[in-house]
Amino acid sequence: MDKEIFKNISYGMYIVSTKLDKPVGCVINTLIQITSDNPIISISLNKENYTNEIIKKTKTFSISILNEDINPNIISKFGFNSSKDVDKFANLDYELINNIPVLKEGSSGYLICEVINIIDAETHDIFIARVKDTKKLNDNTPMTYKYYHEVIKGSAPRKAPTYIEKKNNHEVWECLMCGYIFEGDIPDDFVCPICGATKDSFIKK
Ligand SMILES: Cc1cc2nc3c(=O)[nH]c(=O)nc-3n(C[C@H](O)[C@H](O)[C@H](O)COP(=O)(O)O)c2cc1C
């Protein structure tokens, strides 16, 4: 199977958030609008992600639709760390709506959702959810997954559904600060485009 073809599937970029005792959340690209009357959406979450574990308890979550102009450090914080270890919401512009954290920084709007079904998909769970409320925040351009890869030059971590194993026919370097992957000869003055770390923070894979 040539997994490269999966890169031709288009997605947006989102942060899904919820709260039991503290706000938790992670980056996702796997959101689909399923129906429009009394709208239903679905998201896919890895069973190892802490956000999955907490949404199973709260049965509610918010979706922030990320813009192209979002600070890439927010994607790195929410996409390459676990809420189990890190307070991802510290120092960020967010609001609690019905006790659900909603990240507003770098976002063009949000959805407030209530889980109506969970489908087992082996490594992942698919959460089907009713959209209870929405708000548009601005007209900035929403970020696509392609933009994230091609312009921000970000990667997807192992726990993302769209993760693709790197072919080892050339050097692959990983940023220890945020998980960003650089492929090829890394220059001495290289600076991580996601978190700003210098070459010293990269390890050869
Ligand atoms: C671009 C990108 C897309 C991602 N898409 C998903 C996704 O759709 N589903 C998922 O479970 N994880 C996805 N991830 C991975 C999670 O964001 C990541 O595993 C995160 O550290 C989980 O945090 P948590 O343990 O606080 O839930 C994605 C990460 C990135 C950077």
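Taken together, the values in this text are just the output of simple stated rules run on the coordinates, not laboratory data. Source: prediction; values computed, not measured. All Cβ positions, even for glycine, are placed from backbone atoms using ideal geometry, and neighbour counts span all protein chains on display.
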Starting from the alpha-carbon convex hull of the chain, give the projected area averaged over all orientations, in nm². 12.1
Straight-line reach from Lys135: which lysines fall under 28 Å, measuring Cα to Cα and dropping same-chain residues less than 8 apart? Lys19, Lys22, Lys56, Lys57, Lys59, Lys77, Lys88, Lys104, Lys146
Would you grab the residues whose amide H sits under 5 Å from the one on His124? Only those 5+ places off in sequence or on another chain, please, with H modelled 1.01 Å from N. Lys47
Pull up all non-local amide H partners of Ile97: gap of 5 or more, or a different chain, and H-to-H distance under 5 Å with H placed in the peptide plane. Val102
What are the ³J(HN,Hα) couplings of the range 2-10, residue after residue, when phi is run through the Karplus curve with 6.51, -1.76, 1.60 and θ = phi - 60°? Round to Hz, x for glycine and proline. 9, 6, 4, 4, 4, 5, 7, 7, 8
Using a Förster distance of 22 angstrom, determine the FRET efficiency expected from the C-beta separation of Thr35 and Thr141, and round it to 0.05. 0.30
The residues Arg158, Arg130, sorted from fewest to most surrounding Cβ atoms within 10 Å, come out as Arg158, Arg130
For the range 166-205, the Cα gyration tensor yields equivalent-ellipsoid semi-axes (√(5λ), largest first, whole Å) of 16, 11, 8
For the chain, modelled as a Gaussian network with Cα springs under 10 Å, which listed residue fluctuates most, Ile63, Ile74, Ile164? Ile164
What are the ³J(HN,Hα) values, in whole Hz, obtained from phi via the Karplus relation 6.51 cos²θ - 1.76 cosθ + 1.60 with θ = phi - 60°, for each residue of the range 78-92 in sequence order, with x given for Gly and Pro? 7, x, 10, 9, 9, 4, 4, 9, 10, 7, 5, 8, 4, 6, 10
Using each residue's phi in the range 126-133, evaluate 6.51 cos²θ - 1.76 cosθ + 1.60 at θ = phi - 60° and report the 3J(HN,Hα) Karplus result to the nearest Hz, with x for Gly and Pro. 9, 9, 9, 9, 7, 7, 8, 7
For the range 109-205, with the dipole built from +1 on Lys and Arg beta-carbon atoms and -1 on Asp and Glu ones, taken about the Cα centre, which of Tyr145, Val115, Phe182 lies farthest toward the positive end? Val115
Note to self, the chain gives a 222 nm [θ] from helices alone (DSSP H runs n ≥ 4, -39500 (n - 2.57) apiece, / all residues, nearest 500) of -3000 deg cm²/dmol
Determine, from the Cβ-Cβ distance of Thr134 and Ser10 and an R0 of 25 Å, the FRET efficiency 1/(1 + (r/R0)^6), rounded to the nearest 0.05. 0.70
Does a label point 7 Å from the Cα of Glu150, set along Cα-to-beta-carbon, have any residues of the range 1-28 with amide nitrogen under 20 Å, and which are they? 3-14
For the chain, modelled as a GNM with alpha-carbon contacts under 10 angstrom, which of Ile112, Ile126, Ile152 fluctuates the most? Ile152
Which entries of Lys3/Lys199; Lys7/Lys199; Lys159/Lys205 have Cα-Cα distances beyond 26 Å here? Lys3/Lys199; Lys7/Lys199
